[in-house]
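Here the structure comes first, spelled out in structure tokens, and everything after it is commentary.
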Amino acid sequence: MRRKREAVLSFESCDDGLPRVVRDYRARYRAISQVLDANDEILAAVHRDLQSLSEGDSTGREGEYTSENILRALVVQHVEGLPFRETVIRIGGEPFLQDFLRMRKKPVMDFTFLDKCFLAIRPQTWRRVNALLGRHAVAQEAITTNVIRTDTTVVESNIHYPTDASLLWDTWRVASRLLGRAREITPKSVPHRFHDRKVKRLYLYVTRYMPSKSASRQRKVKETFRTLIERTAWIVAIAGEFCAKTASRCNALAALASELQAHLPSMATIVATAERAQINGETVPASQRVFSLFEPHTELIKRGRRQKPVEFGHKVLLCESAEKFITDCELTESVIDRHEKLFGARPEVVAADKGFCPADEKYRELAERVHTLAIPRRMRDFVDKMLVHWQAFRAGIEGTISGLKRAFRLIRCYFRGFRSFEAAVGLGVFCHNLIVLADHAPD
């Protein structure tokens, strides 16, 4: 079992003689600690998920670190904007941060353990934690929720730029690597030979000469593309047969088959879409494509930005109060309904940019539900002084988005899988809100 917290005597470090920047740094962490202490339900929600890492045994051995230690270590990791390894080094070399974690002179946890703890906390838990923190902020009159501003941003997945050729090569090399390991264990399980260098030369030829405007070169590229697709389809079929034969076994081959089976649907989609686009000349919709073999949840997003016309990741909707507290953070839209469910009342003002403007019927429906719907529909709407005022207010969320991307590493998610993607966004927003409340706390 893992304890939620333990009674630890906190030793207040002396700040006399320290530079002002250090005193401000420590004061912020002390304010964050007070916010966490005032919200025991937050720790309880995280504690329920972390129990899965310490089921206990017949001897009744307890986990070495409490859930409070782990939650505060994750807060330090995001506030400092560091990877897990550097976070552990920072905590180990700073007694003040150890006191913030309430470690009680324990050795600092390993960074791999901290990573496991992050993965154990569900995205739903981070949403609940942010809702609890929002209600606490309203109860303490630290924020007001009658006026909100909203905007979207894109958190990118950690993938390379996807092309049909690169995705086919990813499919080949992953299938070849896993099938090669299976052949090392049992040679008869995979009797085929895989010519990795030949397939890589096909991929490199297509990549190098695809931009060529020579007609003869383009015919050669199309012929090479056809060969690359055929060979990739061949190895995907072999991978499917291997998984079907070894799925029921309980050995090392079954583990490889399980890993390969997880990639098979994406592999089949990659081969099919490449054939449709490059051989048949079809325009394949983005909804029918896979943009990464390793992050198949990735979406293609076009926002009309000149410097980056296409982005790969997920669009995140943010709602913010006037105090820069993020009241809502979702990957979908229905701002007013969720706001009313969370705070018990609809906002009086909703300010958003022109991209949020719905059709006429939906716009009238939304306008009836809030007192002021500050969403421009036409360019001449910007002549309205009231709308100009609320659009200036709306622009304040751009700074928050910039801070989330720079300080809380939400410009790109380096965790694998959609579940971890959601959790990383939720933790980043939670830490941002903690700092907002800490900075607004009375001295």
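The values are calculated or read from the model by the stated rules, or taken from the named source; none is laboratory data. This one's a predicted model, so the numbers in the text were calculated from it and none came from an experiment. All Cβ positions, glycine included, derive from the backbone under ideal geometry; neighbour counts span all protein chains shown. SASA here: full protein model, heavy atoms, side chains in, ligands and nucleic acids out. Shrake-Rupley method; radii C 1.70, N 1.55, O 1.52, S 1.80 Å.
Exactly one residue out of Glu41, Glu68 is touching a helix residue (DSSP H, G or I) at 6+ places or on another chain (Cβ under 8 Å) and open to solvent by less than 40 Å² (accessible area, probe 1.4 Å): that is Glu68. Residue check: Gly355 meets all listed conditions (1) under 30 Å from Ile121 (Cβ atoms); (2) touching a residue at least 40 places away in the same chain (Cβ under 8 Å); (3) open to solvent by less than 80 Å² (accessible area, probe 1.4 Å); (4) of a type outside the set (A, V, I, L, M) but one, namely (1). Taking the range 189-208 as the range and being over 36 Å from the mean Cα position of the chain (by Cα), in a loop (DSSP other than H, G, I, E, B) and not charged (D, E, K, R) as the test, the residues that pass are Val190, Pro191, His192, His195. One residue stands out in the range 139-183 among those that are among the charged types (D, E, K, R) and buried (at least 21 other Cβ atoms within 10 Å of the Cβ): the one that is nearest to Leu318 (Cα to Cα), namely Asp151.
Taken over the range 209-229, the criterion of being open to solvent by 70 Å² or more (accessible area, probe 1.4 Å) and either in contact with a helix residue (DSSP H, G or I) (Cβ under 9 Å, 6 or more places away or on another chain) or not in a helix (DSSP H, G or I) (or both) is satisfied by Met210, Pro211, Lys213, Arg217, Lys220, Lys222, Arg226. Out of the range 404-443, which residues are under 11 Å from Ser157 (Cα atoms) and either outside any helix (DSSP H, G or I) or of a type in the set (D, E, K, R) (or both)? Hits for the range 404-443 are Leu410, Ile411, Arg412, Cys413, Tyr414, Phe415, Arg416, Gly417.
Residues checked against (1) within 30 Å of Leu410 (Cα to Cα); (2) in contact with a Cys (Cβ under 6 Å, 6 or more places away or on another chain); (3) modelled with pLDDT of 90 or more:
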residue	(1), (2), (3)
Val154	yes, no, yes
Ile159	yes, no, yes
Arg177	no, no, yes
Glu184	no, no, yes
Pro187	no, no, no
Phe194	no, no, yes
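Of Ile270, Ile235, all but one fail to be in contact with a Phe, Trp or Tyr (Cβ under 8 Å, 6 or more places away or on another chain) and not hydroxyl-bearing (Ser, Thr, Tyr); the exception is Ile235. Selection of the range 262-283 for residues being over 15 Å from Glu230 (Cβ atoms) and either open to solvent by 70 Å² or more (accessible area, probe 1.4 Å) or part of a loop (DSSP other than H, G, I, E, B) (or both) yields Ala262, Pro265, Gly281, Glu282, Thr283. Exactly one residue among Ile143, Ile235, Ile148 is assigned to a loop (DSSP other than H, G, I, E, B) and of a type in the set (A, V, I, L, M), and that residue is Ile143. Comparison of Arg85, Arg72, Arg135, Arg104 shows that the only residue that is part of a helix (DSSP H, G or I) and in contact (Cβ under 8 Å) with a residue 40 or more places away in the chain is Arg135.
Of the candidates Leu300, Leu331, the single residue that is under 22 Å from the mean Cα position of the chain (by Cα), at pLDDT 90 or above and open to solvent by 40 Å² or more (accessible area, probe 1.4 Å) is Leu300. All told, Ile235 falls short of being over 24 Å from the mean Cα position of the chain (by Cα) and open to solvent by 10 Å² or more (accessible area, probe 1.4 Å).
Taking Gly396 and the conditions (1) closer than 20 Å to Ala142 by Cα; (2) touching a helix residue (DSSP H, G or I) at 6+ places or on another chain (Cβ under 8 Å), which numbered condition does it fall short on, given that it satisfies the others? The single condition Gly396 does not satisfy is (2).
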